[in-house]
Amino acid sequence: MWNISETPADDKWISEAEVNYITCSLSPPSPTKKLPWKKMLTSGPVWAINAAHFAENWGFYTLLTMLPTYMKSSFGMNLSKSGFIAALPYLAMAIVVQLAGILADWLRLRYLTTTQVRKLFTCGAFLVQTTFIIAAAFITNATGAILSLTIAVGLGGFAWAGFSVNHLDIAPRYSSLLMGISNTFATIPGMVSPITAGWMVGTNGTAAEWRGVFSISGTIYFIGGITYALLASGNQQPWADSAPVDLNTACIEDSD
């Protein structure tokens, strides 16, 4: 059963400390203050997130739409069987995403800075995805190909504990807006990558054609990882200063 409330303060299960934390961190922008569009759209960390989100979704949508076709044309699997196998990488990702978030927070609290964690998880995941998706293009047996693609997609779940929550790090006030911007860029692969892959492999899809499809995905992962490594940050940006709040009600710090 899900307990749903209009605001955090209305939730009967939330603690006062949690309400204060959410209110202080995500306070709404002042109605008299203009959005810093120029600084936002010329910010390196913002474009690092956009690039990573685009790269992750390119590979995601390519495999989501083309994996059953790949298994059938390359290994002769019928659609009913390959349809189940095509779901395995995303089952692995669903599990990894849950664990990645917990691990990322644990590392931030004990050993690494937020910037280090975001880069480690995003770039590490992209490096794994680049390696295994290209490896899958050259593997000639079904078991090896499935294993490689499951690792590529599954361990890619670590990236979602990196770039996908990075908006909250760099600009808590504008995180929803930044998510909308990056998600817009990330939607482009959903339209372009299946068309590109379909055009490249044609009707039957030779091994060489599939190598081209997977190599493009791997290259985009690699470029996204390099861009994120160079430009990303886990620190709040100067243009994303906190909005004025009532310190008596919103930002009461825990005396402990």
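Between ALA229 and SER176, full extension at 0.36 nm per residue minus the direct alpha carbon distance yields a gain of 16.8 nm. Roughly how many whole Å is it from the C-alpha centroid of the range 55-76 to that of the range 132-211? After rounding, the separation between the Cα centres reads 10 Å. Report summary: the helix-based calculation at 222 nm, which adds -39500 (n - 2.57) for every DSSP H run with n ≥ 4 and divides by the residues of the chain, gives -23500 deg cm²/dmol. The region of the chain that goes longest without hitting one of the chymotrypsin sites (Phe, Trp or Tyr not before Pro) in a DSSP loop, each with at most 10 other Cβ atoms within 10 Å, is 112-256.
In the chain, excluding the sites themselves, the longest stretch lacking any of the GluC sites (Glu not before Pro) that are in a DSSP loop with at most 11 other Cβ atoms within 10 Å is 7-252.
Charged neighbours of ASN235, selected by a Cβ distance under 14 Å, balance to +1 (K, R count +1; D, E count -1).
Using alpha carbons only, the radius of gyration of the range 106-253 set against its Kirkwood radius gives Rg/Rh = 1.10. Modelled spin labels at THR7 and GLN98, positioned 7 Å past Cα toward Cβ, are 3.3 nm from each other.
Panel values: the range 30-135, Kirkwood radius from alpha carbon pairs, Stokes-Einstein at 10 °C and 1.306 mPa s, translational diffusion coefficient 94 µm²/s. For the options ASP105, ASP11, ASP169, a Gaussian network treatment of the chain with springs between C-alpha atoms closer than 10 Å singles out ASP11 as fluctuating the most. Please give the helix 114-138 orientation as an angle from the longest Cα principal axis of the chain, in degrees from 0 to 90, rounded to the nearest 10. For helix 114-138, the angle is close to 10 degrees. Note the angle between two axes, namely the Cα long axis of helix 207-231 and the longest principal axis of the Cα atoms of the chain, as a number of degrees from 0 to 90, rounded to the nearest 10. Roughly 20 degrees between the two axes. Using the Cβ-Cβ distance between ASN78 and SER215 with R0 set to 22 Å, the FRET efficiency from 1/(1 + (r/R0)^6) comes to roughly 0.25. Taking label positions 7 Å along the Cα-Cβ direction at both THR140 and LYS34, the computed distance is 6.4 nm, reported to one decimal. The value obtained for the range 177-227, namely the Cα convex hull volume divided by the number of residues, is 62 Å³ per residue.
Every number in this text was worked out from the coordinates using simple rules, so none of it is lab data. Source: prediction; values computed, not measured. Cβ coordinates were reconstructed from backbone atoms using ideal geometry, including for glycine residues, and neighbour counts include every protein chain displayed.
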